[in-house]
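J.: Let me begin by handing over the structure; questions about it come next.
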Amino acid sequence: MGERVGNKTDVIKVPVPRLSLGMFVTAVDSQGKVNIANPGQIKSREAISKLTKNGIKFVWVDVERSSEDCGLKKKSVTLPTKPKKVTREQSQEKAKRLMQEAKGLVKKVLSETFEGKAVQVEPFEDLAENMIESVMLDADAFKCISALRSKDAYLLEHSINVAFLLVTFGKYLKLEREVLKQLAVGGILHDIGKVRVDNKILHKPGRLTPEEFEHMKLHQVYAKEILSETEGLSQISQDVCLMHHEKIDGNGYPNGLKGDELTLHGRMSCIVDIFDALTATRCYKEAMSPAAAFKILLSLTPFHLDEKLVYEFIRCIGVYPVGSLVQLSDGRIGIVWDAKDRDALHPILKCFYSIKHKRYTEVAMIDLSKSELHIERGISPSTLEVDPSPFY
């Protein structure tokens, strides 16, 4: 917070931006320590901005005379308190709020970009920070929230999921936090060019004709234009945005990059983009189970995707990722609920339905490491005759 001065432990030097209401200021730092005529508690934000205006960088604060809730005083209880365990419910609530906030922000920026306004990077960086916090705190909660997808908000949810998957993948590859942040920003913005694509083509419920596909490919050309006017976007974020349709054999677009011209971050975004598109429900196709999507990713190596990275990605996500649906050997359906420190085949499942008896069952948590049952197969939500979303 600030440094203690001399032996007088109750007076500390505090940088002005760190001041909060209720702190008791006794002196200011103006070419040395200057006692002030009217020492007292800070009652308003104006008082703090006045200090800043006067060029004061540091002040001395009397801890004893500061108020209880200004954050300086030690609480009188000195017993070591256990950090409160955050429950899964709490972290899912938080993930849900973050998802809503993210969707709101992406929606706003898409419409502003559509109107020709330049993209501001700061809000995305803040969002990326929150995403990283969320993944570090409880990635499982986020996986469960992103497993609940609506068909209509594809562009928004896809952008946010790609960002989230890039953070998860980057964390698995032990990339630095700053890199995770830039990956997330790139992921959120990776489809920004689609705002300029003809809506009829963007939302066409079937295969595109060759002409339509050529028009769709323009979203990367548009993205380039939009990003060139975006200040403060890192190279990593740009690579994620502009390389996710490139292929290692040089047959991708927009630049036909080949081999090593595709950076690690670009290669990661190719994998994540395809995986998320395959596992999403769209108006014209059913969602695929992660296991089925992995097969397709592997079939695209080594000419399109980086083979080594695809294997890393599969290990990172796991064959039955948290949030996905599986069928058990007794015909029950469950959500993969917890897989921390477990091998891929023995997660904890939250079971709620029996395919055999075509009815809901009592909700049961089943730990497969302590059960005779095993996973028969991963299933996609669309093949279920009932809606699993209330059980997330």
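J.: What residues of segment 354-375 lie in the reach of a label at Asp338, counting those whose backbone N is under 14 Å from a point 7 Å from the Cα along Cα→Cβ?
T.: So the set is 364-370.
J.: Taking the mean number of other Cβ atoms within 10 Å as a proxy for protection, how do you rank 38-47, 267-276 from highest to lowest?
T.: 267-276, 38-47
J.: Just subtract the alpha-carbon distance of Lys370 and Leu298 from 0.36 nm times their residue separation and send over the number in nm, one decimal.
T.: Contour length minus Cα-Cα distance gives 22.7 nm.
J.: With runs of 4+ DSSP H residues as the only contributors, calculate the mean residue ellipticity of the chain at 222 nm using -39,500 (n - 2.57) per run, divided by the residue total and rounded to the nearest 500.
T.: Helix-only estimate at 222 nm: -13500 deg cm²/dmol.
J.: Please give me, ordered by residue number, the GluC sites (Glu not before Pro) of segment 146-223 that lie in loop per DSSP and have at most 14 other Cβ atoms within 10 Å.
T.: Here the GluC sites (Glu not before Pro) that fit, given the DSSP loop and packing criteria, are Glu176.
J.: Could you tell me the accessible area of Arg177 in Å² (1.4 Å probe, neighbours in place), rounded to the nearest ten?
T.: 100
J.: Please work out how much length the chain gains when fully extended from Lys285 to Glu212, using 0.36 nm per residue of separation minus the C-alpha to C-alpha distance, in nm with one decimal.
T.: 24.4 nm
J.: Count neighbours as other Cβ atoms within 10 Å of each site's Cβ, and list the GluC sites (Glu not before Pro) in segment 246-293 that are DSSP loop with at most 14 such neighbours.
T.: Glu286
J.: Further, regarding this structure: Against the longest principal axis of the chain, how steep is helix 210-228, in degrees 0 to 90 to the nearest 10, with axes from Cα atoms?
T.: Roughly 10 degrees between the two axes.
J.: Apply the Debye scattering formula to segment 310-377, with a single equal point scatterer on each alpha-carbon and no solvent, then give log10 I(q)/I(0) at q = 0.16 Å⁻¹.
T.: Calculated log10 I(q)/I(0) at the listed q: -0.50.
J.: Moving to a separate point now. Measure off 7 Å from each Cα along the Cα-to-Cβ vector at Glu112 and His346, then give the distance between these two points in nanometres to one decimal.
T.: 5.1
J.: Also, I was wondering about something else. I need the GluC sites (Glu not before Pro) found in segment 303-392, filtered to DSSP loop residues with at most 14 other beta carbons within 10 Å of theirs.
T.: Glu372, Glu385
J.: What is the percent carbon and sulfur in the accessible area of the chain, measuring with a 1.4 Å probe over the protein chains and ignoring ligands?
T.: The nonpolar share, carbon plus sulfur, comes to 53 percent.
J.: Same structure, new question: Here are a few candidate values for Rg/Rh (Cα atoms, Kirkwood Rh): [x] 1.08; [y] 1.17; [z] 1.22. Which one was actually calculated from the structure I just gave you?
T.: Computed from the coordinates, Rg/Rh (Cα atoms, Kirkwood Rh) corresponds to [x].
The values are calculated or read from the model by the stated rules, or taken from the named source; none is laboratory data. Here the structure is a predicted model, which is why all the values come from computation and not from measurement. No Cβ is skipped: glycine too gets one built from the backbone with ideal geometry, and neighbour counts run over all protein chains shown. We work out accessible area using only protein heavy atoms, side chains counted, and drop any ligands, DNA or RNA first. Shrake-Rupley method; radii C 1.70, N 1.55, O 1.52, S 1.80 Å.
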